[in-house]
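Below is one structure; the comments refer to it alone.
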Amino acid sequence: QVQLVESGGGLVQPGGSLRLSCAASGIIFRMYDMGWYRQPPGKQRESVAVITSGGRTDYADSVKGRFTISRDNAKNTVYLQMNNLKPEDTAVYLCRGARVPGGEYWGQGTQVTVSS
């Protein structure tokens, strides 16, 4: 059974930092492209950052220079370091793993709220 479990969300003031983690099980993690997505209240889900199985990264323009995605294949975990958080970063953050062939898997999400 494949599981992606996010953690690390919470309430933070503008300008603050959070580090999200996504622990994967049931997949050969090192072979999967991993990504972080978010769904703000009342809006569509959007891509935040992705890291390929080879380590290449890509970011949404809105988070470039503030967020960093990384992975630890030994721990089957992908991270999202978020700095200089803004109120518009408030969303449910979800982890996704994908591989062709192999499928696509999503976590349940973790809430991030940026507010003073």
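Summary table below
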{"quantity": "So I51, is it of a type outside the set (D, E), crowded, with 18+ Cβ neighbours inside 10 Å and more than 24 Å from Q1 (Cα to Cα)", "calculated": "no"}
{"quantity": "Hits in region 54-71 (condition: free of Cβ contacts under 8 Å to residues at least 12 places away in the same chain and either surrounded by 12 or more Cβ atoms within 10 Å (Cβ to Cβ) or within 12 Å of the chain's Cα centre (by Cα) (or both))", "calculated": "D58, Y59"}
{"quantity": "Yes/no for G9 being surrounded by 14 or more Cβ atoms within 10 Å (Cβ to Cβ) and touching a residue at least 12 places away in the same chain (Cβ under 8 Å)", "calculated": "yes"}
{"quantity": "Close pairs (6 angstrom Cβ cut-off, 6 or more residues apart or separate chains): touching a residue at least 60 places away in the same chain (Cβ under 8 Å) in region 76-105, charged (D, E, K, R) anywhere", "calculated": "Q81/R19; N83/R66; N84/R66; Y93/R38; C95/E6; A98/D33; A98/E104"}
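For (1) open to solvent by 10 Å² or more (accessible area, probe 1.4 Å); (2) more than 16 Å from E6 (Cβ to Cβ); (3) basic (K, R); (4) not in a loop (DSSP other than H, G, I, E, B), each residue gets a yes or a no:
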position: L85; (1), (2), (3), (4): no, yes, no, no
position: Y93; (1), (2), (3), (4): no, no, no, yes
position: G97; (1), (2), (3), (4): no, no, no, yes
position: Y105; (1), (2), (3), (4): yes, no, no, yes
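The values are calculated or read from the model by the stated rules, or taken from the named source; none is laboratory data. In this text, all values refer to a predicted model and were calculated from it rather than measured experimentally. No Cβ is skipped: glycine too gets one built from the backbone with ideal geometry, and neighbour counts run over all protein chains shown. Quick note on the areas: whole protein, heavy atoms, side chains included, nothing else; ligands and nucleic acids left out. Shrake-Rupley method; radii C 1.70, N 1.55, O 1.52, S 1.80 Å.
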